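The values are calculated or read from the model by the stated rules, or taken from the named source; none is laboratory data. Bear in mind the structure is a predicted one, so any value in this text is a computation, not a measurement. Cβ sites come from the backbone with ideal geometry, for glycine too, and all protein chains shown count toward neighbours. Note: accessible area is taken over every heavy atom of the protein model, side chains too, but ligands, DNA and RNA are not part of it. Shrake-Rupley method; radii C 1.70, N 1.55, O 1.52, S 1.80 Å.
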Amino acid sequence: MADRAAPQRRQSRTHEKAAIVLAIGLLLLMPPVANIFTLPQKIAGVPFTLIYLFVVWAGLILSGILMSQRLLEEEDARQTPPGSAPPGAYDHAGGSAGTGRD
């Protein structure tokens, strides 16, 4: 019973982190906050505000990718019975683990 509760808690935490990232992303892209970064400076000819918006946007995409990978790993760990290899895993002898074929 304890074995099943741990992955569910991790998945729940990952979902909570996703909600936090979404909230932070929305906050950072709201005009009152984005206007803080409205500066007359340019970096390589690009306005600083535009750089700010693209950095926030890229950060949200990157965090989404990382969290989706983590959720997929947790889902695979939950579906794989203890002691068996996950699908596509290889043993050290070079054959596919758990298939009986080498």
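Heavy-atom accessible area of E75 with all protein chains present, probe 1.4 Å, nearest 10 Å²?
The accessible area of E75 comes to roughly 60 Å².
Calculate, for L27 and F48, the FRET efficiency according to 1/(1 + (r/R0)^6) with r their C-beta to C-beta distance and R0 25 Å; round to the nearest 0.05.
Here the calculated transfer efficiency is 0.85.
How large is ³J(HN,Hα), in whole Hz, for each residue of region 30-47 in order, when computed from phi with the Karplus curve 6.51 cos²θ - 1.76 cosθ + 1.60 and θ = phi - 60°, using x for Gly and Pro?
Values per residue, Gly and Pro as x: 5, x, x, 7, 5, 5, 4, 9, 7, 10, x, 6, 10, 10, 6, x, 9, x Hz.
Using protein chains only and a probe of 1.4 angstrom, how many square angstrom of S12 are accessible, to the nearest 10?
50 Å²
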